[in-house]
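Inspection log for the structure reproduced underneath, given as structure tokens.
The values are calculated or read from the model by the stated rules, or taken from the named source; none is laboratory data. Worth saying up front: this structure is predicted, and the values here are computed from it rather than measured. Cβ coordinates were reconstructed from backbone atoms using ideal geometry, including for glycine residues, and neighbour counts include every protein chain displayed. Note: accessible area is taken over every heavy atom of the protein model, side chains too, but ligands, DNA and RNA are not part of it. Shrake-Rupley method; radii C 1.70, N 1.55, O 1.52, S 1.80 Å.
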Amino acid sequence: EPNIPGLGAQFVFSDSEKSILSFMPERGQDAKLAIENRNNERENVALWKYLASYSRYILVGEHQVLKPKVSWSGSSHFFNTLNSGILTNLGTQTTLNEVGVRGYPNLAWLTKSAAVISADYSIPVDQIFRGWGTTPAFLDQLYATGFVETGFLPTQTLGNIFRPSIVASVNLTTTLLIRAPLRFELSYAQGLQTSYGGDTVIALGITADDLF
């Protein structure tokens with residue numbers, strides 16, 4: 001599908017706060033708005049993609065954090081093609097092109113818009129903060145997260161589709177070579193709507209950020 005790159009804009013706001021011993025932000029909020037224009041030659045229309053997301057961090061105990069979040073992505077026109085639609089599949093991120101819903105690995109949906117509402121509850125398990133001799137590898141913190149979420153997909157043929165799931169994970173934060181933080185995550189997700197691809201997903205992930 002031919003598309004001519006157009007203009008785009010993005011607004012990001014964050015006032016989240018994190019203490020020295022916290023493994024994630026404990027107060028504040030994050031918000032994001034984005035819009036992008038794509039001129040579609042085949043349909044001879046100006047196609048717009050939209051994105052909105054908001055999350056809040058609520059401290060409910062000693063380093064225990066509740067994080068509600070809502071994300072939405074949509075398109076001004078939908079021609080049942082990948083470039084004009086929003087792809088809903090397995091994942092955790094919401095972008096201008098796709099929405100991730102955990103617990104649904106076997107079936108992807110293409111719609112004009114999609115949304116995800118979730119609530120995460122994270123608790124500390126152990127403050128490790130130690131390494132092995134002079135080895136430049138340190139174990140920092142171990143924490144667990146449990147959350148529920150649902151994906152919302154409005155369709156013309158099947159009506160409104162909800163894809164709820166429950167997820168639990170254990171996370172270990174580490175620091176390698178003094179300046180390279182890595183997070184290891186072992187997660188279990190269960191999609192509750194089996195008629196729409198819900199299944200059990202067990203995954204091990206590694207995330208690196210803020211390297212320098």
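Tabulated values for the structure
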item	result
Among SER19, THR175, THR134 - extreme Cα towards positive end, dipole of the chain, charges at beta-carbon	SER19
Per residue accessible area in Å² of the chain, where ligands, DNA and RNA are left out and the probe is 1.4 Å	56 Å²
Whole-Å semi-axes of the ellipsoid equivalent to region 120-212 (Cα gyration tensor, √5λ, descending)	37, 13, 10
Fraction of alpha-carbon pairs over 33 Å apart in the chain - percent	25 percent
Convex hull projection area averaged over all views, region 24-73, Cα basis, nm²	4.0 nm²
Sequence-distant lysines (8 or more away, or on other chains) whose Cα lies within less than 29 Å of LYS49	LYS32, LYS67, LYS69, LYS112
Cα centroid separation, region 9-61 to region 112-165 (Å)	16 Å
Surface share of carbon and sulfur [accessible, 1.4 angstrom probe, percent] for region 1-153	58 percent
Additional length obtainable on full extension of the chain from VAL170 to THR95, 0.36 nm per residue less Cα span	24.5 nm
Net lengthening on full extension, LEU59/THR200 (0.36 nm per residue, minus Cα-Cα)	47.8 nm
Rg over Rh, two decimals, region 73-156 (C-alpha only, Kirkwood Rh)	1.23
